[in-house]
Every structure is written in structure tokens, then in C-alpha cells.
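In what follows, a structure is listed as C-alpha cells, so that the remarks can point back to it.
The values are calculated or read from the model by the stated rules, or taken from the named source; none is laboratory data. In this text, all values refer to a predicted model and were calculated from it rather than measured experimentally. Calculation scope for accessible area: heavy atoms of the full protein, side chains included, ligands and nucleic acids excluded. Shrake-Rupley method; radii C 1.70, N 1.55, O 1.52, S 1.80 Å.
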Amino acid sequence: MSPEQLQAIADLRARNLSPKQIARQLGLRPAEVSAAIRQQAIALAAEQGPTLPPLKRCMVNELAVQVLLEKQESGVLEGGQAQIFLLRLDRMQYFVTSYLVDWWCLGLKNCFGPRKIHRGDFEFMIQQSRENTDQEMVDITLEEAQSIIYGSIDYAANIGFQPHPDFEQAQKHLGPRPKTLIPIEFGHNGKPFYSQGPYDEPHKILRTLEEHLSKDEFTYVLAGGRSQW
């Protein structure tokens, strides 16, 4: 079947004509038209990607909103991490996925899920996050969450850091990377800034930074007080 015929089938199908009606207009057999419609539907589904379960909540700590989305200034003592939670409802069951983003340097530092939970457990998880960070958790759009996560991964990749190995699984409920991300400024004061976390391997991280950047192109502070500004 020629490309012109396939396009004509797609155009007529968009006008809600049946395969028999399309076949009659184009001088084709109904079976040929039905086969073409099926193949076009498969191609469209592949292009659009998998259908995600409905999104019920998408939340992040308020500092991330203020700095990354509202472009407010922040200090080192406030921190540079975004904790994002997605809650989806799939066949009457709730699933939560979590993403911990270090927007100063390391990108997607941790993630888990999708994990099946009760709705009340999600509310408890949000309350725990409030208590641990002393910040409110606020609702954002999926587009904003995707821009923070994918943007931080891009930023970190440029200086030698890969996303957490569980991201391949956690990405299933985040969705594929959009063609265009919301512009977000990562780093701190225009450059990568590494602040040591409790489970980090700081010497390995510093070595990676030194392999990709000169000493005046990044800053850091370690748990023992050692720093470079």
C-alpha cells in the first residue's frame, strides 16, 4: 500500500468513517483497510509511549519550589535538595515513587518505587518528610517534577555523575523525558557545589569533580569541616 493511500486512510478514519466506508472510497478491500488502521494505531501508541496510571498527587519540599521554580536566592545552610513524591492510582491501588534530587551537584541521588501503599501511608510519608526537613510539602505539576529530575540528571552528567541505579524502575511512573524542559538553574552561585551527605563517598565524588572541572570551577564542604570556596 502506498504512502498516499495510508495517509488517506488516516484522514478518513479521523472523520470517523468505518473501514468498509474507507475501502469503498479508496477502492480497497476492507481487510486491507482494517490492517492499515491497526498498524497506524500501534505506531501511534509506540510514539506516545506507555499510558501512565492517573496521577493523584505530585509533591516537593517548599525550598525546591522557591529556588528552582520561583528563582529565589538560597543560602548553603538552607540546603540544595528536592524530595519529590508521585502518587498514582492503578486499578484501584495506590503506588508511590520517590526521587531525591541534589540540585547543587549530584543530580538524582536516590529514588525508589513504584511501591504499592495505602493512601493513609502516603499521608504519613508526607508528614515524615515535613518533620525531617522542617519544610512544608507542596503540590507541583508533573511537568515541573520532570523538569527538576531530568534537568538535574543532565546537569550532573556533564560533571561525571550518573543517576541512581534504581532510576530505570522509578522512571516508569515519572514518564518519558519531555521534548522541552522548564528552564531551571542548577548548581550554587553558578557552579557545582558538593555538600557531603551521611552516606556519601566524598573522596570518590571529589575525584570525579577534579577529573571534569578545574579547582576554581566547583566548591565543596565536607563533614569534617574541610572546604573549598
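By a 1.4 Å probe calculation restricted to protein chains, Lys191 has an accessible surface near 60 Å², given to the nearest 10.
Computed from phi, the 3J(HN,Hα) profile of the stretch 79-95 under the Karplus parametrisation 6.51, -1.76, 1.60 (θ = phi - 60°) reads x, x, 10, 10, 9, 10, 10, 10, 10, 10, 10, 10, 6, 6, 10, 8, 10 Hz, with x in place of Gly and Pro. Convert each backbone phi in the stretch 150-167 into a coupling constant with the Karplus relation 6.51 cos²θ - 1.76 cosθ + 1.60 (shift: θ = phi - 60°), then list the ³J(HN,Hα) values in order as whole Hz, x for Gly and Pro. These are the phi-based 3J(HN,Hα) values: 5, x, 5, 5, 4, 4, 5, 4, 5, 10, x, 10, 9, x, 3, x, 7, 5 Hz. In this view, the solvent-accessible surface of Thr219, computed with a 1.4 Å probe and all protein chains in place, comes to about 10 Å².
Calculate what fraction, in whole %, of the accessible area of the chain sits on carbon and sulfur atoms when a 1.4 Å probe is rolled over the protein chains.
Answer for the chain is 50 percent, counting heavy atoms of protein chains only.
Couplings 3J(HN,Hα) of the stretch 11-19, computed from phi: 5, 6, 5, 5, 8, 6, 7, 6, x Hz, in residue order, whole Hz [Karplus 6.51 cos²θ - 1.76 cosθ + 1.60, θ = phi - 60°; x for Gly and Pro]. How much mean residue ellipticity at 222 nm does the chain get from its helices, if each DSSP H run of length 4 or more adds -39500 (n - 2.57) and you divide by all residues, to the nearest 500 deg cm²/dmol? Estimated from H runs of four or more residues: -12000 deg cm²/dmol. Between amide H atoms placed 1.01 Å from N, distances below 5 Å from Tyr194 occur with Thr219, Tyr220, Val221, all of them 5 or more places distant or on a separate chain. Can you pick out the pairs among Lys56/Lys191; Lys109/Lys179; Lys56/Lys109; Lys71/Lys116; Lys109/Lys215 whose Cα atoms lie more than 26 Å from each other? From Lys56/Lys191; Lys109/Lys179; Lys56/Lys109; Lys71/Lys116; Lys109/Lys215, over 26 Å: Lys56/Lys191; Lys71/Lys116. By its C-alpha gyration tensor, with a ≥ b ≥ c as the square roots of the eigenvalues, how is the stretch 96-197 shaped: rounded for a/c under 1.5, else prolate for a/b larger than b/c, else oblate? Because a/c hits 1.5 or more and a/b exceeds b/c, the stretch 96-197 counts as prolate. Rolling a 1.4 Å probe over the protein heavy atoms leaves Asp121 with an accessible area of roughly 70 Å².
What does the C-alpha gyration tensor say about the overall shape of the chain? Classify as rounded when a/c is under 1.5, otherwise prolate if a/b is larger than b/c, or oblate. Prolate, since a/c reaches 1.5 and a/b exceeds b/c. Per residue, the accessible area of the chain comes to 58 Å² when a 1.4 Å probe rolls over the protein heavy atoms. Amide hydrogen proximity for Cys111: with H placed 1.01 Å from N in the peptide plane, the residues at 5 or more positions away or on another chain lying under 5 Å are Leu100.
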